[in-house]
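The values are calculated or read from the model by the stated rules, or taken from the named source; none is laboratory data. Nothing here was measured: the structure is a model prediction, and the numbers come from that model. Every residue, glycine among them, receives a Cβ derived from its backbone with ideal geometry; neighbour counts consider all protein chains shown.
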Amino acid sequence: MPVRISRLYGLDIYTNKARYVGNAFDFIIDVDKGEVVAISLEEESYGGKVLGVPYKRVLAVGDIILIKEGKEEQKRVKLEKEKIKVEAKV
């Protein structure tokens, strides 16, 4: 089901074990494949670090984002801003 990404900003993210993960701050998109690969969390919550969860762990999106809890979420997958480069094609 297609959804505007702008509608997802700020949604609470919980695991399937009812643990609060954070708020959806940004979405990392693979422009070549045209798909979301990760959701980054609000930076202020983690001392300025950009943390996120792989989108493959998303179970459902509605009033909240529900993800499958696993080792990646327990470690809070670290995303490095410097490595995230989006080249605009003209």
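For the stretch 9-23, enumerate the residues that are in contact (Cβ under 8 Å) with a residue 24 or more places away in the chain and within 12 Å of residue 67 (Cα to Cα).
12, 13, 14, 15, 16, 17, 19, 21, 22, listed by residue number.
Going through the stretch 1-12 one residue at a time, which ones are at pLDDT below 85 and small (Gly, Ala, Ser)?
none
Here's the yes/no breakdown for (1) at pLDDT below 90; (2) in a strand (DSSP E or B); (3) of a type in the set (Phe, Trp, Tyr):
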| site | (1), (2), (3) |
| --- | --- |
| 14 | no, yes, yes |
| 17 | yes, no, no |
| 24 | no, yes, no |
| 32 | no, no, no |
| 36 | no, yes, no |
| 39 | no, yes, no |
| 45 | yes, no, no |
| 48 | yes, no, no |
| 52 | yes, yes, no |
